[in-house]
Amino acid sequence: MTRLVAGNWKMNGSLAANRDLLDGLMAVPGVEMAVCVPYPYLAQLLERPAGVALGAQDVSEFEAGAYTGEVSAGMLAEFGCRYVIVGHSERRALFGEDDAVVGRKARAALAHGLVPIVCVGETLAERDEGRVMAVIGRQLAAVLDALGVAAMAQVVVAYEPVWAIGTGRSASVEQVGEVHAAIRSWLAGQGVAAAAVRLLYGGSMKADNAAALFAVPDVDGGLVGGASLVAADFMVISRAAGGGV
Ligand code: PEP
């Protein structure tokens, strides 16, 4: 399947810095690229390089109404978003999002034609306790409960070990291969059309390790934080996703 390389800008950027960054991006044949930007910049991104899709970093589980501070999936769709990240570990850890909320957010996104990028992954303590797939299975089960088997095949799943995010310490190719295979097999075991589900790896993916990570079976793309803020690095990663240099 076509690989997806999605940049998660997190809470970074300014009108001027975004312009510079976007000037350095261009489509890579055979690869889908996306940038997930802070809400206020969605309007700026209405103009962006061809071949670069737009995404947000969160979405409300609610449709509309008295939910101060929330942004609905319908609003994101209106600004041309194709993707929205849900359940990023920073939202789970810092903003109290639990598995059930993540499931409802994924459902709200799909209802408006957005593709949720559902983030799952274990902490270092959970890995040390041998609970990697117990945790990921619990996180995925909540999304499956909210969506049902058929719609579950439409989401993108991003495996993001919490200990690898923003730390400069990527998971090893062996660890990534093992978990991605386990996620696909978990999905298949639930009756989901698992071969159709894109599995991204995220966690300190950089220009110098991307090619090795994309060579791992079952890695269908990357969710890239820090390195997505440097156009040249994001381009190297995107080209690596296409098998080029
Ligand atoms: C992320 O924010 O999803 C991420 C993977 O960050 P980084 O690439 O900086 O580790």
message: If TYR83 satisfies all but one of (1) on the phi < 0 side of the Ramachandran plot; (2) away from the ligand (no atom under 16 Å from the Cβ), what's the number of the condition it fails?
response: (2)
message: Among the numbered criteria (1) part of a helix (DSSP H, G or I); (2) open to solvent by 30 Å² or more (accessible area, probe 1.4 Å); (3) touching a strand residue (DSSP E or B) at 6+ places or on another chain (Cβ under 8 Å), which one does GLN154 miss?
response: (1)
- request: Return a yes/no flag: does the range 113-124 have any residue that is out of contact with any Lys or Arg (no Cβ under 6 Å at 6 or more places or on another chain) and modelled with pLDDT under 95.
  value: no
message: Restricting to the range 208-237, and then to whatever is open to solvent by 40 Å² or more (accessible area, probe 1.4 Å) and in a loop (DSSP other than H, G, I, E, B), can you tell me which residue is farthest from the ligand (Cβ to nearest atom)?
response: PRO217
Leading residue by the ranking (surrounded by the fewest Cβ atoms within 10 Å (Cβ to Cβ)) among those in the range 44-69 that are in contact (Cβ under 8 Å) with a residue 12 or more places away in the chain, within 25 Å of ASP98 (Cα to Cα) and not polar (S, T, N, Q): GLU63
message: I want to confirm something. Restricting to the range 7-43 and keeping residues that are polar (S, T, N, Q), touching a Leu at 6+ places or on another chain (Cβ under 8 Å) and more than 17 Å from TYR83 (Cβ to Cβ), which single residue is most open to solvent (accessible area, probe 1.4 Å)?
response: ASN12
query: When you go through ARG169, ARG184 one by one, which is the residue that is open to solvent by 30 Å² or more (accessible area, probe 1.4 Å) and either among the hydroxyl-bearing types (Ser, Thr, Tyr) or touching an Asp or Glu at 6+ places or on another chain (Cβ under 8 Å) (or both)?
result: ARG184
query: Among the residues of the range 93-111, which ones are under 18 Å from ASN8 (Cβ atoms) and part of a helix (DSSP H, G or I)?
result: ALA93, LEU94, VAL102, LYS105, ALA106, ALA109
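The values are calculated or read from the model by the stated rules, or taken from the named source; none is laboratory data. Model, not experiment: these values are computed from the prediction. All Cβ positions, glycine included, derive from the backbone under ideal geometry; neighbour counts span all protein chains shown. Remember, those area values only see protein heavy atoms, side chains included, never the ligands or the DNA or RNA. Shrake-Rupley method; radii C 1.70, N 1.55, O 1.52, S 1.80 Å.
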